Every structure is written in C-alpha cells, then in structure tokens.
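J.: Have a look at the structure that comes next, please.
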Number of protein chains: 2
Amino acid sequence: MMNAPKSRPRDGTLRTKLVDAGVQLLRDRGPDGLSLRECAAMAGVSHAAPGYHFKNLMGLSTAIAARGYRLFCNAMLARRDKAGPAPFERLSAICHGYLDYAAGHPELFLFIFSGQKFNENDQDFCVASSEAYGILRETCAPLVPPGSEIEETEILVWSLVHGYAHLAMTRKKDNPKLGRGWPDLDALLSHLRNALAAQSADKTRE
Amino acid sequence: MMNAPKSRPRDGTLRTKLVDAGVQLLRDRGPDGLSLRECAAMAGVSHAAPGYHFKNLMGLSTAIAARGYRLFCNAMLARRDKAGPAPFERLSAICHGYLDYAAGHPELFLFIFSGQKFNENDQDFCVASSEAYGILRETCAPLVPPGSEIEETEILVWSLVHGYAHLAMTRKKDNPKLGRGWPDLDALLSHLRNALAAQSADKTRE
DNA sequence: CTCATAACTTGACAATGTCAAGATAAGATC
DNA sequence: GATCTTATCTTGACATTGTCAAGTTATGAG
C-alpha cells in the first residue's frame with residue numbers, strides 16, 4: 001500500500017521543486033536567505049540531493065535567475081499583447097510589464113539585478129536573459145529617431161524604467177513624502193515620448 | 001621589548017579597519033564574499049572581535065553601506081563643485097559623479113543598491129543615505145518645470161542615471177555590441193534636457 | 001533475472017555567524 | 001601605588017551552511 005514515504009522517487013520534478021523552494025526562500029528571507037539545504041528540506045529530500053541537479057549553489061542561483069528572467073519576459077509580453085499597434089503604446093506596455101514584474105516578484109527582480117555572478121555558460125539562463133533584452137530591442141526599434149543609434153534609444157528607455165523600478169524598491173523610503181507620492185510611471189513616460197519626438201521631429205505622427 | 005604581538009590594543013581603529021576589510025572583501029570576492037571572520041583575520045584580531053563593534057553581520061553591512069553612501073555623496077559633490085552655476089550643468093555634474101562612483105567603487109555601488117536589508121536605526125547609515133538624496137533634490141530644484149511636482153523631476157532624473165549606471169554594471173554584456181558601443185551618458189542627458197525644457201517652455205532661458 | 005545507470009542518501013569536513021564567558025589593558029578613584 | 005571599573009578584545013562552543021566522497025535504491029534495458 002505504501003502511502004507516501006517513498007512515493008515520489010524519480011518523478012523528475014525535484015529540480016523544479018528546488019527552484020520553487022529557492023524562490024520562496026528569497027521571498028521569505030531576503031536576498032541572503034537562499035540555502036541549498038533549506039531548499040532540499042522544503043522539497044522533502046536529503047541535504048545533498050540538490051548537488052545532483054545543480055553543481056553547486058551558483059547552479060541553483062542560476063536556475064532561479066533563469067526562471068526570474070522568464071517571468072520577466074512573460075510580464076512584458078502579457079502587457080504588450082494587450083496593447084494596440086502604435087509603437088509608443090507598445091513601448092509603454094512593456095514598461096508597465098516591467099513594473100508588474102517588479103511588483104509581483106520583487107525577490108526575483110532584485111535577485112536577477114543583484115550583481116551577483118551567475119553561470120554564464122548555462123543555456124537556460126542565457127536564453128532567458130537575452131530574450132528579455134530582445135523584447136526591449138524589438139519594441140524600441142520603431143521609435144529610434146532617424147540618424148541615431150538604436151542603442152541610444154534602448155538604453156534611454158531601459159535606464160528610465162529600470163531606474164524607476166529599482167529605486168522604487170530599494171529607496172522608496174528615502175523621502176517620506178514619496179511613500180505616498182511616488183510619481184506615476186506614465187508621467188515619466190510622457191517625458192520620454194517628448195524627448196523621442198523632439199529628436200524624431202516628424203516620424204511617429206499619430 | 002615586545003615587538004608587536006600585542007602592540008595595538010585599544011587604539012580605537014579596529015572598527016574602521018574592519019570596514020576597510022569588508023570593502024576589500026566585497027571587491028575581491030563579490031557581493032557574497034563578506035565574512036565577519038575574514039574581516040577579523042584581515043584586521044589581525046580574533047574571530048569574535050567584530051561582534052563587539054557590530055551587533056551582527058548586518059551591523060557590519062550597515063557600516064559598510066554608510067561608508068558607501070558617504071563616498072557616493074563625495075563623488076557627486078566633487079563634480080558639482082567644479083561645475084558652473086547653470087542649473088542643468090550642475091545636474092549634469094552630479095550625474096557624472098554618480099557614474100564616477102559606480103565606476104570607482106563598483107562593489108559599494110552594487111552593495112548599497114543590492115536590496116539587502118540594512119539597519120535602518122543606524123544613525124550613520126541614515127544620515128549618509130538621506131544626504132545622497134538631498135544632493136539630488138537640491139540640484140534638481142531649479143529645474144522643476146513650473147506647475148509640476150518636484151518629485152516627478154527628481155525621480156525622472158534619478159531613474160535615468162541610476163538605471164544607466166546599474167544596467168551598465170549588471171547587464172553590459174547582454175549585447176556584445178554594447179560592450180564597445182554603450183552610449184554616452186551625455187547623449188541621454190541631452191534627451192533629459194529636451195524633456196525638461198519642453199515642459200518648462202520658457203523658464204531656464206540661459 | 002541481471003545489470004547499468006540515474007537519482008538519490010548518509011556521512012564527513014571546513015567555514016561561517018553568534019553567543020557566553022573569560023582575560024586584559026587603561027584610566028579613575030581612593 | 002593598590003584596587004575597581006569599564007571598554008575592548010580572546011577563547012571556546014554550537015548550530016548551520018556548502019561541498020565532496022561513498023554508499024544505496026529504483027528504473028528501465030537486455
């Protein structure tokens with residue numbers, strides 16, 4: 001009958017469950033709360049089981065970051081899919097998706113942008129992270145003012161929204177007034193629209 | 001004769017030396033490389049000595065972050081002091097100071113913006129970190145378009161430069177072309193100037 | 001049925017943060 | 001000068017962590 005003591009050997013889901021546990025640890029205990037042994041315990045396996053699926057702690061971290069980037073992409077695409085065809089509307093959409101992600105998965109947002117080293121040889125990670133940049137790039141492309149480099153627009157847009165999201169998370173309490181009055185992203189985006197339109201002069205007309 | 005085995009008791013510099021060691025550890029081993037015991041060893045004291053000056057690891061982290069913010073302020077002020085009196089020139093200066101800091105102290109830059117919790121009751125930390133925001137605020141003030149909230153300009157500026165610096169550090173390798181071609185900050189700042197000028201219409205007229 | 005291999009477990013080790021208790025030096029008090 | 005007090009460390013211990021080596025078990029192939 002064997003109820004459940006050893007009822008899930010080789011079910012192939014441990015790797016996923018370890019990443020699940022890792023995400024939850026990051027959420028519950030902050031950026032330093034990640035622990036291989038704790039993840040193993042949460043998944044109901046022995047302390048060294050993660051060592052089979054991940055070479056080391058960085059391996060688990062990289063897998064978590066890969067998931068983080070995938071959810072990041074999903075958040076941007078979900079917004080963009082609902083947007084109309086106008087280039088700036090699509091750009092605005094992915095920016096809002098950016099914020100959706102930061103608000104919905106703060107632990108993953110901070111994790112992937114923590115500056116910590118991940119395994120750059122991991123395929124999952126590389127694919128997911130460069131996909132995020134690809135979304136930005138293709139959404140920016142129609143808005144690049146003629147005669148200027150595409151990187152300039154990309155970095156302008158990305159700096160603005162990334163800075164906004166990152167500061168909102170790490171520094172929101174600096175100014176007590178900002179706690180309530182943190183300006184809306186759309187206010188910043190309208191500045192961005194002005195800046196791009198000013199240089200473009202007359203291209204994205206309506 | 002006692003050469004030097006116990007030649008530096010109570011010299012009152014241990015706390016500083018521990019912070020020095022912590023900064024160096026962050027630089028050498030990355031954001032996860034900080035260790036109380038290692039700092040103690042570097043300072044030539046026993047493994048529990050830091051416990052006297054800092055309640056725990058977060059105490060040391062907070063002290064390191066406080067130093068990070070102070071150097072941050074210095075970098076911005078050093079540039080601003082050399083700038084002319086024109087408001088946008090001063091704003092541009094602190095933005096360049098921002099980048100100076102990120103480039104000169106990448107480990108501290110990432111550390112203070114890592115999202116990790118610091119001791120918000122620590123006076124040194126609170127003073128230093130809100131001073132950084134104060135520099136931004138007072139430099140932005142003359143540039144706030146009439147009829148708009150000061151926070152909007154502050155966050156616009158800060159998002160842009162912070163996003164630029166933070167992305168440059170954590171994501172520079174996404175686009176191989178960006179390795180060489182990362183656009184200059186001044187290009188982004190000219191967009192910012194346009195955006196502010198557009199809303200201001202006619203205020204900072206030379 | 002055997003067996004080869006993937007997916008774990010068990011056990012060990014060094015390093016870490018943290019705490020408790022002791023030691024020691026410097027200055028104050030008598 | 002002797003004693004006391006207090007700040008500043010040291011020593012020792014403990015639980016937790018990442019990592020490795022070696023053993024174990026299940027699973028599917030033959």
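The values are calculated or read from the model by the stated rules, or taken from the named source; none is laboratory data. Not measured: the values here are computed from a predicted model. Neighbour counts run over all protein chains shown; Cβ positions are idealised from the backbone, glycine included.
J.: Among the residues of region A:181-188, are any over 20 Å from A:F72 (Cβ atoms), within 7 Å of chain B (Cβ to nearest Cβ) and modelled with pLDDT of 85 or more?
T.: Yes: region A:181-188 contains one or more residues that are over 20 Å from A:F72 (Cβ atoms), within 7 Å of chain B (Cβ to nearest Cβ) and modelled with pLDDT of 85 or more.
J.: Additional query: Could you count how many residues in region B:60-99 are outside any helix (DSSP H, G or I) and either within 16 Å of DNA strand D (Cβ to nearest atom) or of a type outside the set (A, V, I, L, M, F, W, C) (or both)?
T.: Of the residues in region B:60-99, 2 are outside any helix (DSSP H, G or I) and either within 16 Å of DNA strand D (Cβ to nearest atom) or of a type outside the set (A, V, I, L, M, F, W, C) (or both).
J.: I want to confirm something. Restricting to region B:37-59 and keeping residues that are touching a residue at least 24 places away in the same chain (Cβ under 8 Å) and touching a Leu at 6+ places or on another chain (Cβ under 6 Å), which single residue is farthest from DNA strand D (Cβ to nearest atom)?
T.: Among residues in region B:37-59 that are touching a residue at least 24 places away in the same chain (Cβ under 8 Å) and touching a Leu at 6+ places or on another chain (Cβ under 6 Å), the one farthest from DNA strand D (Cβ to nearest atom) is B:F54.
J.: In the set A:L26, A:L34, which member is within 13 Å of DNA strand D (Cβ to nearest atom) and in contact (Cβ under 8 Å) with a residue 60 or more places away in the chain?
T.: A:L26
J.: Could you pull out the residue among B:T139, B:T153 that is crowded, with 16+ Cβ neighbours inside 10 Å, over 27 Å from A:L25 (Cβ atoms), of a type in the set (S, T, Y) and modelled with pLDDT of 95 or more?
T.: B:T139
J.: Pick from region B:27-58 the residues that are closer than 30 Å to B:G134 by Cβ and within 14 Å of chain A (Cβ to nearest Cβ): which of them is surrounded by the fewest Cβ atoms within 10 Å (Cβ to Cβ)?
T.: Here the answer is B:N56.
J.: Considering A:F111, A:F118, A:F125, which residue is surrounded by 17 or more Cβ atoms within 10 Å (Cβ to Cβ), assigned to a loop (DSSP other than H, G, I, E, B) and modelled with pLDDT of 90 or more?
T.: It is A:F118.
J.: Of everything in region B:128-145, what is out of contact with any Pro (no Cβ under 7 Å at 6 or more places or on another chain), of a type outside the set (S, T, N, Q) and part of a helix (DSSP H, G or I)? Give them in sequence order.
T.: Matches in region B:128-145: B:A128, B:E131, B:A132, B:Y133, B:G134, B:I135, B:L136, B:R137, B:E138, B:C140, B:A141.
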